[in-house]
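J.: Have a look at this one.
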Amino acid sequence: MNEQLYNKISTWFRKSDVRLKLFVFAYRLLPYVTALGYAASVIYEILYGATKEIAGIILVPAVTFVICTIFRKIVNAKRPYEEMAIEPLIIKNKRGQSFPSRHMVSAGVIAMAALYVNTAFGIGMLAVAVSIGILRPIAGVHYIKDVIAGLAIGVLCGIIGFYFILN
């Protein structure tokens, strides 16, 4: 997304207090929905799953998160508000570590964990992940490539972890 497009989109949100408040609400709420979905997946596996599945539901996202965090520190890509003349909709003081989006990696792998536990629930969690991926570039905190790569990494790690290693 270039500066002109970002400024056009962000201006549309800023022109209405209701739109801006709804955007900020969704931006802040959806990561909590992801966390609650993850907790529900873990609890479900504790109640109905086998030990192997419980360990996998915990370890696959944890390992994915750690690897993503290390990779981000090494790459240390700048964020849109560092490189472009924009005023982000969500003000952050964080510098660098934009690629890949860790929110998206986490949302992707958690959605795969939910999919592993229950297909319908997993599809719902994938929808939440995609929604987060739409909001983060609009907020001005990530580039589109950051969220696409983050979701792809999260889903790929989930497929490898849940469907190849655990099966």
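J.: Tell me the angle of helix 102-117 to the major Cα principal axis of the chain, expressed in degrees between 0 and 90 and rounded to the nearest ten.
T.: 30 degrees
J.: Output the pairs from LYS21/LYS73; LYS78/LYS145; LYS52/LYS145; LYS21/LYS145; LYS94/LYS145; LYS15/LYS145 with a Cα-Cα distance over 24 Å in this structure; if there are none, say none.
T.: From LYS21/LYS73; LYS78/LYS145; LYS52/LYS145; LYS21/LYS145; LYS94/LYS145; LYS15/LYS145, over 24 Å: LYS21/LYS73; LYS52/LYS145; LYS21/LYS145; LYS15/LYS145.
J.: Next question. Obtain the nm distance between the two label points defined at LYS21 and LYS145 by a simple spin-label model: each point lies 7 Å from its Cα along the Cα-to-C-beta direction.
T.: According to this spin-label approximation, the distance is 3.8 nm.
J.: Okay, helix-only estimate at 222 nm for the chain: each DSSP H run of n ≥ 4 adds -39500 (n - 2.57), divide by all residues, round to 500 deg cm²/dmol; what do you get?
T.: For the chain, the value works out to -25500 deg cm²/dmol.
J.: With viscosity set to 1.306 mPa s and temperature to 10 °C, compute the Stokes-Einstein D of segment 18-116, Rh being the Kirkwood radius across alpha carbon pairs; µm²/s, no decimals.
T.: Translational D for this selection: 103 µm²/s.
J.: Follow-up question, since we're still on this one. With the cut-off at 1.5 for a/c, could you classify the chain from its C-alpha gyration tensor as rounded, prolate or oblate?
T.: Judged from the Cα gyration tensor, the chain comes out prolate (a/c at least 1.5, a/b above b/c).
J.: Rounding to the nearest 10 and keeping the result within 0 to 90°, find how far the Cα-based axis of helix 3-14 lies from the longest principal axis of the chain.
T.: 80 degrees
J.: Between ALA152 and THR11, with labels modelled 7 Å along Cα→Cβ, what's the label distance in nm to one decimal, could you check?
T.: Simple spin-label model gives 3.3 nm for this pair.
All of the numbers you see were taken from the coordinates with simple rules; none came from a lab. All of these numbers come straight from a predicted model, not from anything done at the bench. Cβ sites come from the backbone with ideal geometry, for glycine too, and all protein chains shown count toward neighbours.
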